[in-house]
């Protein structure tokens, strides 16, 4: 009986300790989840506040543009240049603020995994709106010039926009060059054809094996772009492909002189095993 009581006491104590541990573990998980939710909420609040700031900025820019349109249409505008300059200062400052905030928004999108698709569309729309506003300012400058009205702030902004466009074009051109260079590297391959004696002298064939000698003469190969390389005249009535290329991805056909021509019918498959092509001719 005493043994039974002792057993019950041990079980009860074990259950109590286990419960305590589970409670502590559960509390830790709850705290962690709460912290994560608070972080997500803070991130979302910051995002929404920035979006609202940008939208409010655009609304104020619209109002200022309306006042400028009205002023430009009135007689005696030349005597009211100071007010016009003030409006332009206001618009330019708001444009700069919005440009900075939109840059922040795009950075948030890149760094966060919790942004909804709808929010991303909103930021894209604001970015497009900024571009449209910049284009509208350029048009406004042309309207003022037509009336022989020059506003230094507007000239400065349009000059800045032109510089940014030029810089952007230069960046895009540079990117295109990098992408083009990468494409050429990705699509490079090399071929060679020759008699057994010629290929042996260059260690391309060594002891009956192809490209097994690490010292084979790479300079003896011709570099090509696999996107453009479709066929290769071999100028020989006997030819065999020595490197590994999938059957059905190419064919050896004879021309009107009875000499072989390699035709690549499936470039993607042909080059997937090896980017080196070795053909033995006699």
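Bear in mind that the values in this text are calculations on the coordinates, not laboratory data. A quick note: this is a predicted structure, and the numbers were derived from the prediction, not measured. Quick reminder, even Gly has a Cβ in these numbers, built from the backbone with ideal geometry, and neighbours come from all protein chains shown.
Odds and ends about this structure:
- Mean Cα-pair separation over length for the stretch 188-281, i.e. relative contact order, pairs under 8 Å, 6 or more apart, %: 36
- P(r) weight above 18 Å for the stretch 88-141, C-alpha pairs, percent: 38
- Potential extension, residue 185-residue 46 segment - 0.36 nm per residue separation minus Cα distance: 45.7 nm
- Virtual spin-label span in nm between residue 117 and residue 97, 7 Å along Cα→Cβ: 3.4
- Added length on full extension, which subtracts the Cα-Cα distance from 0.36 nm per residue, residue 217 to residue 236: 4.6 nm
- Annotation: peptides 226-238, 270-282, ranked by per-residue average of other Cβ atoms within 10 Å with the highest first, follow the order 270-282, 226-238.
- For the stretch 188-281, the spread of Cα coordinates along the three principal axes comes to 34, 29, 21 Å, biggest extent given first.
- Residue-span extension gain [residue 259 to residue 104] - 0.36 nm each, minus C-alpha spacing: 49.3 nm
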